[in-house]
Structure formats: structure tokens, C-alpha cells
Amino acid sequence: MSSSHMKRLAMPRSWPLTRKTDVWISRPRPSGHPIERCMSAGVILRDVLGVARTMREAKRALSSGKVRVDGRVISDLRRAVGVMDVLSVGDNHYRCILDKNGKLRYNSISAKDATHKICRVDGKTTVKGGITQLNLHDGRNMLIDDANKYNTMDSLLIDVESQKVKAHYKFESGANCYLVGGSHTGSTASMTEYIVKRSSKDNEVVFGDFGTIVDHVFVIGDNNLPLDEVSE
């Protein structure tokens, strides 16, 4: 079997799918999202949102030009749609989040909320000409003029149409954060302290009476995420 598929028994626990109904499941193409934080568009349309009964119907929906991710029309059944991405099917819009059980959910949002998304700065590199490039959590890269304007782990509110930064949320004490891993996945909390480990251990972020590793933390500022609704 090609690497375009994987066995359902081996799929990430975050995928809200049954494991024993079929043998295989479509694997999303490599993207900025780790595989446990994204699913392929075809699987979402068929198994999560229920807008298609088969992959053939999902492919037909994609070929219609009415399915978009972050405002861009997509045609690939295996296009990864991951945490914070905006999936639009016609006039209906969904944002990908992780619920408190650690399951990926594609919950309804308004047309207004679908115009923007939050991206985390996962890294900074210097490219040709000494220009600084931001590496964002969803795989996209962004060139900036001021190398010191944004730091790693900061979050940016990006307009999906213009791809311009609408707001900047600093990774600092007091920041409102959304957790995408660990025992508090799907919760929001206010950051108390950031602890840098002088070893091979992951840096830690403290929230009141608990802590988690830095990769599980997503600064969201004053934005509301569709955390209460569950898409079946």
C-alpha cells in the first residue's frame, strides 16, 4: 500500500474516527502541522462533516471550487487541514480545534471569524539578503523587515485574504493561551511563568496550578475559539 494511506488502527488518537469499520484511511500530505493535529480534506468532508458519502463525492465537491482552506480554493483530497485552519464549504465555515478529549474538531464559525486565523511563530531564519523569515505553525513562511518585531512562540492574527498581520500577541506572562497537548488539551489559561531549561528537556510554561511543555501552548490573545460545539 502506498504511503498515501495508513491503517486505521495506527491513526493518531486525535482523529475522531472509528478504527475497525475499514482497514485503511487517507493520510494527509506533509505540512507544517504534525499528523496528530491535522486530517486530510477528503476524510473531513466524508467522515467528519458528512457533506460527502464517498471519496468520489468528496473529490467532486473539491472540483467544484467551493471548498477553501484559509480562503484559498483547494482540489487535493489529501490537503492537510489542521489546528487553527479555516475550512470553508460553500457558505459554511469551520475552524479546526482540539477539544478537551484531545480530538480534532471542525466547529462552525461565522463568516466574519472565517476572515482571519491565528498563527504561532515556531521559528525565525535569515534568508538571502539578510531578510528575516518567520516560520509559522501551519507551514507558511513570512518575510518581515524588522527582525526584532516578533519572537518565537508569539502569535499573529492574519487576514486570510491579504495575508497581512492584523494583530500581534506576545508570548509572555499574563498571556491568554490555548493548550493543544497534554492533560489540559482544549483548555484556555493565563500564562504565569515561562521556564527555560538549561538541558535537553523541553522548556516549560506554568499556568497557576499546572504546567506543560512549550510546544503545547498557543497564545490566542482576546480571540474566542469555537470550543463548546462538537461537530459529529
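Could we say that Arg105 is in a loop (DSSP other than H, G, I, E, B), under 30 Å from Cys177 (Cα atoms) and at pLDDT 95 or above here?
No.
Of the residues that make up the stretch 26-38, is at least one of a type in the set (Val, Ile, Thr) and touching a strand residue (DSSP E or B) at 6+ places or on another chain (Cβ under 7 Å)?
So far as the stretch 26-38 goes, no, none of its residues is of a type in the set (Val, Ile, Thr) and touching a strand residue (DSSP E or B) at 6+ places or on another chain (Cβ under 7 Å).
Is one or more of the residues making up the stretch 201-213 closer than 20 Å to Cys38 by Cβ, touching a helix residue (DSSP H, G or I) at 6+ places or on another chain (Cβ under 6 Å), in contact (Cβ under 8 Å) with a residue 24 or more places away in the chain and hydrophobic (A, V, I, L, M, F, W, C)?
no
Among the residues of the stretch 55-88 satisfying the criterion of being touching a helix residue (DSSP H, G or I) at 6+ places or on another chain (Cβ under 7 Å) and of a type in the set (Ser, Thr, Tyr), which is farthest from Val219 (Cα to Cα)?
Ser75
Is at least one residue of the stretch 194-215 crowded, with 16+ Cβ neighbours inside 10 Å and in contact with a Cys (Cβ under 8 Å, 6 or more places away or on another chain)?
Scanning the stretch 194-215 turns up at least one residue that is crowded, with 16+ Cβ neighbours inside 10 Å and in contact with a Cys (Cβ under 8 Å, 6 or more places away or on another chain).
Looking at the stretch 63-72, can you tell me whether even one residue there is in a helix (DSSP H, G or I) and surrounded by 18 or more Cβ atoms within 10 Å (Cβ to Cβ)?
No, the stretch 63-72 contains no residue that is in a helix (DSSP H, G or I) and surrounded by 18 or more Cβ atoms within 10 Å (Cβ to Cβ).
Could you identify the single residue in Val81, Val51, Val43 that is in contact with a strand residue (DSSP E or B) (Cβ under 8 Å, 6 or more places away or on another chain), assigned to a strand (DSSP E or B) and either under 28 Å from Thr115 (Cα atoms) or modelled with pLDDT of 95 or more (or both)?
Going through Val81, Val51, Val43 in turn, just one is in contact with a strand residue (DSSP E or B) (Cβ under 8 Å, 6 or more places away or on another chain), assigned to a strand (DSSP E or B) and either under 28 Å from Thr115 (Cα atoms) or modelled with pLDDT of 95 or more (or both): Val81.
Residue-by-condition table, conditions (1) of a type in the set (Phe, Trp, Tyr); (2) more than 21 Å from Phe210 (Cβ to Cβ); (3) in contact (Cβ under 8 Å) with a residue 12 or more places away in the chain:
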{"position": "Val121", "(1), (2), (3)": "no, yes, yes"}
{"position": "Lys128", "(1), (2), (3)": "no, yes, no"}
{"position": "Thr152", "(1), (2), (3)": "no, yes, yes"}
{"position": "Asp159", "(1), (2), (3)": "no, yes, yes"}
{"position": "Thr188", "(1), (2), (3)": "no, no, yes"}
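Can you name every residue in the stretch 136-150 that is of a type outside the set (A, V, I, L, M, F, W, C), under 21 Å from Val69 (Cβ atoms) and free of Cβ contacts under 8 Å to residues at least 40 places away in the same chain?
The answer is Asn141, and nothing else.
The values are calculated or read from the model by the stated rules, or taken from the named source; none is laboratory data. Nothing here was measured: the structure is a model prediction, and the numbers come from that model. Cβ: placed from backbone, ideal geometry, glycine included. Neighbour counts: every protein chain shown.
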